[in-house]
Amino acid sequence: MTQLVHGNAELRLAINGLASNICLVPTMGALHEGHAALIKAAKNFVGRDGCVVVSDFVNPKQFGQSEDFKKYPRDLEHDLKVARSSGAHILWAPSVEDVYPGQWPLDIETDPRFEILEGKSRPGHFAAVIEVVTRLFDIVQPNVAVFGEKDFQQLIFITNMANKRDPKIGILAIPTKRDSDGLALSSRNIYLSSDQRNVAHLIPDALKAAVLLASKGFSVRDIKEQVIQTISQSDLISLEYIELLSNDLTPITPGVVGRILIAVKLGDIRLIDNMPILLKENS
Ligand code: PAF
């Protein structure tokens, strides 16, 4: 049974009545199979005596002015169903005042890597994500928090923040859940028209082809060129960036597993994806 709670005091009461081992799954709602996988992983991780809290909060601060905050899908009844069928104990849907009481904003330590990849087209986004996750951690006080690898850049910054600020909180990273054609699950996929959805598989196709080329010793330049060619098979998709980086978002080192990260636009819809990649030592 999943308990739906709203205010912070109601949340604390619900947690206190349950368990000491608390696992937080932060979300912005619009729960899909990808979130279900995170909740199930959390459930597995905490075991029988643990408590899985799913936060459901569309954080206004992390949307840019031209972004889709108002349009962002919200359906608490649907979210409760997904949370329930995945085994969450608590679905916590706080208000803006619950998450941002008087003493805000927090002093967030910036990082030059906030400005690359996603940060280039979304100024202020990562500072806002770190701020809200810090606040969620302070309110819930989890032992562990679960995040998907789809938002890889966010995962790196949250892990750093947790390690510095409260190393007792463990961060569990879960591989990206994909549709049958390989498209990474995302709350934004529902906005795709059927024509856009039909070509969206080119995104994971391009990444998979890149991983294969890397294993054969191709250079970063050739790999990127191949990705551009795959994506340009459809004029419905435009490439925003394709980068090969190390797992801490510094330049990639051949012989050490890193990441290939992509952002594309299909009309107004912006999608991101990434995969692990290993460049051969001599490439
Ligand atoms: O990944 C998300 O859904 C959000 O960025 C997060 C971590 C819940 C913070 O609002």
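Any read-out appearing in this document is the output of simple, stated calculations on the displayed coordinates, not a laboratory observation. These numbers were taken from a predicted model, which means no experiment stands behind them. Cβ: placed from backbone, ideal geometry, glycine included. Neighbour counts: every protein chain shown.
The table that follows gives values for the structure above.
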{"quantity": "9 Å beta-carbon shell around GLN62, net charge (K/R +1, D/E -1)", "calculated": "0"}
{"quantity": "Reachable aspartates and glutamates, given that their alpha-carbon falls under 14 Å from the alpha-carbon of LYS168 and they are not under 8 places away in the same chain", "calculated": "ASP138"}
{"quantity": "Reach of LYS164 by Cα under 21 Å, taken over lysines that are not fewer than 8 positions away in the same chain", "calculated": "none"}
{"quantity": "The chain, relative contact order in percent, only Cα pairs under 8 angstrom and at least six apart counted", "calculated": "16 percent"}
{"quantity": "Sites ARG48 and ARG178 - FRET efficiency at Förster radius 41 Å, r taken between beta-carbons, to 0.05", "calculated": "0.85"}
{"quantity": "Viscosity 1.306 mPa s, 10 °C: Kirkwood-radius Stokes-Einstein D of the stretch 20-165 over Cα pairs, µm²/s", "calculated": "100 µm²/s"}
{"quantity": "³J(HN,Hα) computed for each position of the stretch 213-229 - Karplus, 6.51 cos²θ - 1.76 cosθ + 1.60, integer Hz, glycine/proline x", "calculated": "4, 4, 5, 8, x, 5, 7, 4, 4, 5, 5, 4, 4, 5, 4, 4, 5"}
{"quantity": "Value at 222 nm in deg cm²/dmol, rounded to 500, when DSSP H runs of n ≥ 4 in the chain each add -39,500 (n - 2.57)", "calculated": "-11000 deg cm²/dmol"}
{"quantity": "Contact order normalised by residue count of the stretch 188-245, Cα under 8 Å, 6+ apart, percent", "calculated": "35 percent"}
{"quantity": "Stokes-Einstein diffusion coefficient of the stretch 218-283, Kirkwood radius over Cα pairs, 20 °C, 1.002 mPa s, in µm²/s", "calculated": "171 µm²/s"}
{"quantity": "Long-range amide H partners of LYS177 with built H, under 5 Å", "calculated": "LEU185"}
{"quantity": "Note, ³J(HN,Hα) from phi for the stretch 273-283, Karplus 6.51, -1.76, 1.60, rounded to Hz, x at Gly and Pro", "calculated": "7, 6, 9, x, 9, 10, 7, 5, 3, 9, 8"}
{"quantity": "The stretch 47-202 - percent relative contact order, Cα under 8 Å, separation 6 or more", "calculated": "19 percent"}
{"quantity": "Convex hull of Cα atoms in the stretch 111-270, direction-averaged projection (nm²)", "calculated": "10.3 nm²"}
{"quantity": "Neighbour net charge for PRO94 - beta-carbon separation under 10 angstrom, K R +1, D E -1", "calculated": "-3"}
{"quantity": "In Å, descending, principal axis extents of the Cα set of the chain", "calculated": "56, 40, 38"}
